[in-house]
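The values are calculated or read from the model by the stated rules, or taken from the named source; none is laboratory data. Keep in mind the model is a prediction, meaning the values are calculated, not measured. Quick reminder, even Gly has a Cβ in these numbers, built from the backbone with ideal geometry, and neighbours come from all protein chains shown.
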Amino acid sequence: MKFSVTFLGGVGEIGGNCYLYETENSAIIVDCGLKFFQSEFIGIDFTIPDFRYLERVREKLKGVVITHGHEDHIGALPYFLKFFPLPIYAGSYAIRLIKHKIAQSKYRPKSFNTVADGETIILGDFQINFLEVNHSIPNSFFLIMDVDSKKYIHCGDFRVEKNPLIGKPFPFERLEEYKGDVEALFIDCTNVFNTSTEEEESNLLEKFVDIFKNSKGRVFFTTFSTNISRIKLVLEACKITGRKLLVEGNAFSKNINISRELSYLQIPENLIIPIEKIDYYEPEQLCIIITGCQGEPNSSLFKVAMMERKKLKINPSDTFVFSSTTIPGNEKNINRVINEIYLHNGNVIRGMHISGHATQNHILNVIHTVSPKWTIPIHGEIAHQRLLEKIIYEKKLSNPIFVRNGDKITFSNDEYCISPTPTGTIYIDQRGGFEYDDELFKEKKQLSRDGMIIVFYSKNRVILETFGFRLTDELDIKIKRYINDSMEKLKDITDEDFDLKSTISSLVRRYFKKNFEKRPIVKTITLEDYDEYI
Ligand SMILES: [Zn+2]
Ligand SMILES: [Zn+2]
């Protein structure tokens, strides 16, 4: 039986994880994530795979299997479900987050199926066993897929912890059972450049307690809202130092509630206070856990930094702790928030963070433990993939395979081959839910870079209207003359296919390209069109 995987997103990039696993008769989707878009591009919030390319496998799709509840693994589900309302299989934490996520959408999966550590499900030719691992969100899984008596392991995001604050220590013994018996291992390589040896979440507690003790005023603490271990540490630091906790931002409220329901957090009564009671406490008795660690505009932290929150105006005794890494693309937003805090004389502490992803040593430990025939680095940019490929090769741990988004690897008869498949990207503007495919996005980029020009044309008069740039009077005259001269030369053409508007548009396009290397969008409206309008 042939077994193949198509990379719809998540390789050569960090974000947008989506993988199609298939045999001749069955197919499953593993993860369905979004990728946050670089913030300097106005009007795009994130991208998702173009799911229309999955039509070819519609009949054999059995379900969506989710490794964990981070946005880069579940964020595209509302869009996916529009095309394929399949059953979803995920851990209890991810199921809660997905339900929240699709609450506003009219598209629903066929069913929600909660899976737990050690559980096995069967989807067509796929027998999938869930193995819980450590990560920066509870309930993260490796998927051990048994297909036609061969094993393939898809690692969701993971890190290796001996003493995790949530969940069990990393399950090396259970992975050991598969040693030498695995065809291919698909492994998270995001943090492969990190060569440190020991990193444990619990090491952060001492640092937080220090900050909480030594800060003269309020402590504003920001991190990823799904990082429940980190929230647990903040609660602990509050208890130790006698600070009350104020929760700012819906994402934190949502995740704290889910964690309480699922017993990941036990919070003593009266530790959390509502904002209405803030004035009952001295500044040094308060910690405010707040959304916006990536500087997201409209997040609570952003509003505080812009001095838009009456009860949370920054003063010189405030300390802002950033307990997070910078997701590529968010540097400008984060710097903007930090500069605003400094403008109002607040104090900033950065770097209080431990990655949710395995370090180089830990990645290699997992590969060594499983000893698969093939290893495919995923969840990384090209530099990460190439580095892991090189190390695996040098240490003779396995046979590494380098892939790009759009590649399809097919394994059969102890060999593999890679073929390209058509894929695409959809760009999402959340205001109004506008979606752009590759073609439209190209136009949007062109508009942003080179602007637009409308030519109003009649035999007696030419008017040029520009958007996004201005013509000097001299250039305006030159272009009009160029159009008139060119049309004069073309006036005797009697070809019935001759299209006046597209001829003028391409003349103007050519003029801009030749003279300025600029490619504005050009539209021509003739007097006849104009007559139709009025
Ligand atoms: Zn991820
Ligand atoms: Zn993750």
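Side notes on the structure shown:
- Among the residues making up the stretch 447-485, those that are under 44 Å from the mean Cα position of the chain (by Cα), over 14 Å from VAL508 (Cβ atoms) and either of a type in the set (Lys, Arg) or in a helix (DSSP H, G or I) (or both) are LEU447, SER448, ARG449, ARG470.
- For the stretch 271-305, the tally of residues that are in contact (Cβ under 8 Å) with a residue 60 or more places away in the chain and of a type in the set (Gly, Ala, Ser) stands at 1.
- Search result, residues across the stretch 38-71 that are within 16 Å of ligand 1 (Cβ to nearest atom) and within 18 Å of THR423 (Cα to Cα): PHE46, THR47, ILE48, PRO49
- Scanning the stretch 134-157 for residues that are out of contact with any Asp or Glu (no Cβ under 6 Å at 6 or more places or on another chain), touching a residue at least 60 places away in the same chain (Cβ under 8 Å) and part of a loop (DSSP other than H, G, I, E, B) gives SER136, ILE137, PRO138, ASN139, ASP148, GLY156.
- Within the option set PRO164, PRO109, being within 16 Å of ligand 2 (Cβ to nearest atom) and either buried (at least 20 other Cβ atoms within 10 Å of the Cβ) or closer than 23 Å to ASN257 by Cβ (or both) holds for one residue only, PRO164.
- In the stretch 1-36, residue farthest from ligand 2 (Cβ to nearest atom) [restricted to those that are among the β-branched types (Val, Ile, Thr) and over 10 Å from the mean Cα position of the chain (by Cα)]: THR23
- Residues of the stretch 57-85 that are in contact (Cβ under 8 Å) with a residue 40 or more places away in the chain, more than 16 Å from ligand 2 (Cβ to nearest atom) and crowded, with 22+ Cβ neighbours inside 10 Å: GLY63, VAL64, PHE80.
- Close contacts from the stretch 244-270, counting a first residue that is in the same structural domain as SER229 (by TED's automatic domain parsing) and assigned to a loop (DSSP other than H, G, I, E, B) and a second that is of a type in the set (Phe, Trp, Tyr) and at pLDDT 95 or above, with Cβ to Cβ under 7 Å and a gap of 6+ residues or different chains, come to LEU262/TYR93.
- Residue in the stretch 122-131 that is surrounded by 14 or more Cβ atoms within 10 Å (Cβ to Cβ), within 16 Å of ligand 2 (Cβ to nearest atom) and assigned to a strand (DSSP E or B) present: yes
- Single residue of GLU282, GLU296 found to be surrounded by fewer than 17 Cβ atoms within 10 Å (Cβ to Cβ) and either in contact with a Pro (Cβ under 6 Å, 6 or more places away or on another chain) or not assigned by TED's automatic domain parsing to the domain that holds GLU381 (or both): GLU282
- Checked against (1) surrounded by 20 or more Cβ atoms within 10 Å (Cβ to Cβ); (2) of a type outside the set (D, E, K, R); (3) within 21 Å of the chain's Cα centre (by Cα), LEU245 passes all but a single condition, namely (3).
- Considering residues of the stretch 478-501 that are exposed (fewer than 12 other Cβ atoms within 10 Å of the Cβ) and modelled with pLDDT of 90 or more only, the residue nearest to ILE453 (Cα to Cα): ARG481
- Identity of the residue in the stretch 354-385, within 15 Å of ASN405 (Cβ to Cβ) and in contact with a Ser or Thr (Cβ under 9 Å, 6 or more places away or on another chain), that ends up nearest to ligand 1 (Cβ to nearest atom): HIS379
- Filter result (surrounded by 23 or more Cβ atoms within 10 Å (Cβ to Cβ) and in a loop (DSSP other than H, G, I, E, B)) within the stretch 192-214: VAL192
- Those residues of the stretch 399-411 which are on the phi < 0 side of the Ramachandran plot and in contact with a strand residue (DSSP E or B) (Cβ under 7 Å, 6 or more places away or on another chain), in sequence order: ASN399, PRO400, ILE401, VAL403, ARG404, ASN405, ASP407, LYS408, ILE409, THR410, PHE411
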